[in-house]
Amino acid sequence: MAADSYVLGIDIGTSGVKALVVDRGGAVVARGAAGLPAPVAVGNRREQDANLWWAAAIGAIHHAVRELRAAGGAGEAIVAVAVDATSGTVVPVDKTLRPLCPGLMYNDGRAVAEASRLNEIGATTLDRLGYRFNASFGLAKILWLHQQEPRVMENASLVLHQSDYLTARLADLTPADGAILTDESNSLKSGYDILDRRWPDYLSDAGIDAGKLPGVAAIGAPIGKVGRNMAAELGLSPDCEIVGGMSDGTAACAASGARRVGDMNTTLGTTVVWKTITSQLVKDAAGRLYSHRHPGGAFLPGGAGNAGGEGIRRFAAGDATDAGARLGRLAAALTPGAPSGAITYPLPAPGERFPFVDSDFAPFTTAGPEDEGALYRSCLEGVACIERWGYEVAAELGAECGGEVWTAGKGAEIDPWMQIRADTLGRPVCRAAHPESGFGSALVAAMNSWFGGSWEETVAQMNRETFRCEPDASRRQAYEDMYGRFRAICEERRGAGEASREEAAGAAKLPSKEGQG
């Protein structure tokens with residue numbers, strides 16, 4: 001392999017698409033980005049035109065290739081590309097690959113009844129796989145399309161995940177060609193059985209035609225090549241391999257530096273996402289955790305909560321027009337040290353899904369509004385407590401959580417927060433050179449192209465640790481006390497909320513005065 005060859009990682013996020021060109025040493029030699037408009041949001045409906053995904057991807061790739069050329073490289077030297085995308089986002093397409101309706105986004109919440117039905121019909125398989133469907137899962141949305149948009153599904157040749165739609169466009173393939181594949185990560189929320197590695201039989205019992213789902217390849221496995229016309233348009237080689245990608249959360253974990261069984265990854269973005277690398281499948285009867293396959297072949301149980309960056313913004317900046325600048329100033333003034341003394345659970349709105357499930361749990365803080373620095377710090381401490389709680393839940397379920405915590409997402413850039421988290425977790429918190437989903441996709445693109453399919457070798461050669469925080473022993477007891485108070489207050493508030501719900505339910509069952517007698 002020539003020393004000047006590259007791989008391309010493409011990350012499709014909520015607000016835009018990023019493209020990273022990476023060399024064999026793990027250096028990002030070129031970048032491109034293009035924005036996306038916010039999805040249409042009406043009630044619990046979240047939709048976006050799939051053509052926008054493609055337009056943004058084209059823009060990001062063009063930008064990256066131009067930057068590569070300006071640095072003395074060539075787009076034709078990119079040997080492989082992988083795509084990650086939002087998990088559970090789906091779009092039905094006809095035989096020409098034309099989207100038949102807007103894409104149903106990862107956070108579309110219409111398929112509640114469909115998820116419940118799938119949990120009943122697929123109970124035996126789901127018990128074996130250790131998770132339950134909710135409305136955000138792709139299969140629940142697919143069943144919703146079957147039931148609510150039957151004409152769309154009658155005309156659909158395939159229902160694709162967001163990443164599949166892009167890789168098909170890159171390969172100049174249509175369903176009529178019969179060769180469109182997805183990957184084991186994006187297919188998980190569409191019901192794919194990661195143990196037997198096939199679409200399960202209960203799909204037909206639910207009224208879903210498995211023939212309208214793409215074939216599935218392992219993460220990193222070849223799924224096609226860039227089409228000749230597309231290669232000419234983008235300045236790539238028609239020999240450029242397209243490989244199976246991942247969900248964006250799995251890609252962030254891949255980029256984070258976590259690599260061994262026992263290592264953990266926390267992505268700090270709009271919300272908090274947990275991942276742990278385990279040797280065995282981890283099951284959770286409560287449905288909080290579900291397991292992906294790790295690019296290296298192990299299992300990757302994880303979950304996502306509702307607290308995180310958006311909740312921090314709500315508490316620390318509110319509706320201020322300069323919210324971003326205000327948060328930046330607060331982050332710049334942050335220093336390691338003792339806990340703030342306040343307890344905050346920074347949710348953007350009522351409702352939590354991990355480390356516990358409570359649709360009515362309300363955000364709260366004991367901090368006063370007069371000290372915005374202390375309030376901001378207590379928000380970060382609150383997220384650190386939630387992070388620790390999540391890993392304790394995972395460990396109770398059997399996940400091997402004895403390693404290091406590797407971090408990704410926007411929050412990973414705040415060094416003092418890294419120290420707060422290390423002190424709260426009581427273990428090292430580490431950051432790699434490029435803890436972002438697009439870099440994780442680039443690593444997967446490199447795995448088979450350069451390193452014979454070895455994930456360990458890929459990460460060893462391309463992913464470097466750049467920052468590490470060890471717990472400060474002098475603050476250990478103070479942070480233990482803070483965590484104990486945090487858990488106690490949460491339990492009190494959850495208990496009060498449960499009592500209120502039971503009281504309301506009881507009152508609802510009482511006959512009205514007019515109805516008595």
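Any read-out appearing in this document is the output of simple, stated calculations on the displayed coordinates, not a laboratory observation. Fair warning: this is a prediction, and the values are worked out from it, not measured in the lab. Note: ideal-geometry Cβ built from the backbone for every residue, glycine included; neighbour counts use all protein chains shown.
Please report, in whole Å, how far the alpha carbons of the chain spread along each principal axis, starting with the longest.
70, 66, 46
Could you sort 446-457, 46-57, 485-496, 250-261 so that the peptide with the highest average Cβ count within 10 Å comes first and the rest follow in order?
Sorting 446-457, 46-57, 485-496, 250-261 by mean packing, highest first, produces 250-261, 46-57, 446-457, 485-496.
When only alpha-carbon atoms are used, what values of Rg and Dmax, in angstrom, describe region 386-445?
12.9, 36
Semi-axes, largest first, in whole Å: what does sqrt of 5 times each Cα gyration tensor eigenvalue give for region 277-427?
Those come to 29, 17, 14 Å.
Starting at the first residue of region 218-234, write each ³J(HN,Hα) from the Karplus equation 6.51 cos²θ - 1.76 cosθ + 1.60 with θ = phi - 60°, in whole Hz, x for Gly and Pro.
Rounded to whole hertz, the list is 5, 4, x, 6, x, 10, x, 10, 4, x, 4, 5, 5, 4, 5, 5, 8.
Taking the Cα centre of region 269-373 as the origin and placing charges on Cβ (Lys, Arg +1; Asp, Glu -1), which of Pro346, Gly308, Ala285 is farthest toward the positive end of the dipole?
Of the candidates, Ala285 comes out farthest on the positive side.
What is the calculated FRET efficiency for Ala113 to Asn155, with r their C-beta to C-beta distance and R₀ = 22 Å, to the nearest 0.05?
The value I calculate is 0.40.
Given a Förster distance of 35 Å, report the FRET efficiency between Glu396 and Arg69 from their Cβ-Cβ distance, rounded to the nearest 0.05.
Given R0 = 35 Å and the Cβ-Cβ separation, E is 0.10.
Sticking with the crude label model, points 7 Å out along Cα→Cβ, report the distance from Ala210 to Asp239 in nm, one decimal please.
Modelled inter-label distance: 3.8 nm.
Where does region 198-248 land on Rg(C-alpha)/(2.2 N^0.38 Å)?
Against the empirical 2.2 N^0.38 Å value, I get 1.59 for region 198-248.
Whole percent per 5 Å bin, from 0 to the bin with the longest distance: what is P(r) over all C-alpha pairs of region 339-449?
2, 10, 16, 18, 19, 17, 9, 4, 2, 1, 0, 0
For a distance above 28 Å, tell me the whole-number percent of Cα pairs in region 6-250 that qualify. Kindly include the intermediate steps, with their values, before the conclusion.
Numbers: 8906 of 29890 pairs.
It works out to 30 percent of all Cα pairs.
In angstroms, what radius of gyration and Dmax does region 24-141 have, counting Cα atoms only?
19.0, 57
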